[in-house]
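I have placed the structure first, in the form of structure tokens, so that the comments after it can refer back to it.
The values are calculated or read from the model by the stated rules, or taken from the named source; none is laboratory data. Fair warning: this is a prediction, and the values are worked out from it, not measured in the lab. Reconstructed Cβ throughout: ideal geometry from the backbone, glycine too, with neighbour counts over all protein chains shown. Side chains are part of the model used for accessible areas, which takes the heavy atoms of the whole protein and leaves out ligands, DNA and RNA. Shrake-Rupley method; radii C 1.70, N 1.55, O 1.52, S 1.80 Å.
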Amino acid sequence: MKQFLLAFILTFTSLSFAQEKDSANVKEETTPETTKPPSKESRWYYGGEVGFGFSSNYFSIGIEPIVGYKITPKFSVGGKIGYTYISDSRYDPLPTLNTSNYGGSIFSRYRIIPQLYAHAEFAYWSYENAIDITNEGYETERVWVPFILLGGGFSQMISPNVWAYAEVLFDVLNDANSPYDEWDPWISVGVGVGF
């Protein structure tokens, strides 16, 4: 049970790095002698996720950089690219399948309140799937899969450069080649660190 719990936590936890400061939560102290015209906060933000998952016969590690642009203080758009390496030996005694998945996406976010946001994303990922599995071996097939992800998230600043977040997205397209079951949620939980 402890191994399952550890694998569950590590699978659904990711470490994010991003630079997106909420101007409502950041205050600068000034004195009359040092008062300068306020600098325009950058509308660009960047970051990403690093994630991994494992079990006794499966291992994956991935990275997904992100860049976004705030059109208004509440509405932003951006893009992501991603790569995941996978080592899968679930088909023992067959050889281990070592493969990678890669793709990208464009997204938009609307902050309902500073901590709560709605999220819409179009993603397009390439997956290599094991097909025709027999005792002699298996064949693989690479397919491109589109996703339309809708949902939202919650983020809470812990300090000026650190925040915790949770996000739940659902694929409303449910393409036939998707490696996920219909309406399986995509859950991300983590801690963001600004740099």
*Would you point out the residue of the range 78-99, among those that are open to solvent by 50 Å² or more (accessible area, probe 1.4 Å) and among the β-branched types (Val, Ile, Thr), that is modelled with the lowest pLDDT?*
THR96
*Would you check which residues across the range 52-77 are over 22 Å from ILE113 (Cα atoms), surrounded by 13 or more Cβ atoms within 10 Å (Cβ to Cβ) and free of Cβ contacts under 8 Å to residues at least 40 places away in the same chain and list them?*
TYR58, PHE59, SER60, ILE61, GLY62, ILE63, GLU64, PRO65
*Hey, can you tell me all the residues within the range 89-106 that are more than 30 Å from VAL67 (Cβ to Cβ) and touching a residue at least 24 places away in the same chain (Cβ under 8 Å)?*
SER89, ARG90, TYR91, ASP92, LEU94, PRO95, LEU97
*Quick one: GLU33 ticks every box in (1) at pLDDT 90 or above; (2) surrounded by fewer than 17 Cβ atoms within 10 Å (Cβ to Cβ) bar one, so which box is it?*
(1)
*Sort out which residues of the range 122-177 are surrounded by 13 or more Cβ atoms within 10 Å (Cβ to Cβ) and acidic (Asp, Glu), and write them in order of number.*
GLU128, GLU167, ASP171, ASP175
